[in-house]
1. Exactly one condition in (1) in contact with a strand residue (DSSP E or B) (Cβ under 6 Å, 6 or more places away or on another chain); (2) open to solvent by 40 Å² or more (accessible area, probe 1.4 Å) is false for N44; which is it?
2. Might you check whether a residue that is open to solvent by 30 Å² or more (accessible area, probe 1.4 Å), closer than 20 Å to Q16 by Cα and modelled with pLDDT of 90 or more occurs anywhere in region 53-65?
3. Is there any pair linking a residue in region 108-128 that is aliphatic (A, V, I, L, M) to one that is at pLDDT below 95 and not in a helix (DSSP H, G or I), with Cβ under 8 Å and at least six apart or on different chains, and which?
4. Which members of region 11-35 meet the condition of being of a type in the set (K, R) and within 16 Å of the ligand (Cβ to nearest atom)?
5. Only one of (1) under 21 Å from F102 (Cβ atoms); (2) within 16 Å of the ligand (Cβ to nearest atom) fails for K60. Which number is that?
6. State whether the residues of region 36-53 include one that is away from the ligand (no atom under 14 Å from the Cβ) and not in a loop (DSSP other than H, G, I, E, B).
Amino acid sequence: MSRIFKSEPDQLKLEQLFSSDEKCLEFLSEAKWKNGFICKKCGNINYCPGKTPYSRRCTKCKTEESATAGTIFHNCKFPVHKAFYIAWNVCKGREEVSTYEFARRLSLRQMTCWNFKTKIQQALKEMDSLSDNERESIQKILQ
Ligand SMILES: [Zn+2]
């Protein structure tokens, strides 16, 4: 259950991710465009910064892609650093953390935590039923 986080950030980096939305977006943007930017619409590789932090905007067709687009963090209704904390613990955690415990630690509603945890578990389960090739392409998006 470790496919969303392929790389293992060190403890200091993790603590930054768990406390700052901006660090999370930076992390997602680095993972997503590790091999360079390619516009999903027109294939252009040149970009300028978009409106939201760490988003990128195609210089040709002006399509903007946020750092969270195509990841489980997209359209997340609560701060992304809290979502990161849940995702990390579900994927990498040594102990099973209940959604009540997540809610307590993150000052979120238990239902919110339950919904997000379910979403992650669903994504992980779906990946288990894919072929290696399919998984590889999704990994790039989700990691
Ligand atoms: Zn474009």
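1. Every condition holds for N44 apart from (2).
2. Yes, region 53-65 contains at least one residue that is open to solvent by 30 Å² or more (accessible area, probe 1.4 Å), closer than 20 Å to Q16 by Cα and modelled with pLDDT of 90 or more.
3. I120/I4; I120/I72; A123/I4; A123/I72; L124/M1; L124/R3; L124/I4; M127/R3
4. Within region 11-35, just K32 meets the criteria.
5. Single failed check for K60: (1).
6. yes
The values are calculated or read from the model by the stated rules, or taken from the named source; none is laboratory data. Since the model is a prediction, treat every value here as computed from it, not as a measurement. Heads up, the Cβs are rebuilt from the backbone with ideal geometry, glycines too, and the neighbour counts pull from every protein chain shown. Areas reflect the complete protein model, heavy atoms only, side chains present, ligands, DNA and RNA absent. Shrake-Rupley method; radii C 1.70, N 1.55, O 1.52, S 1.80 Å.
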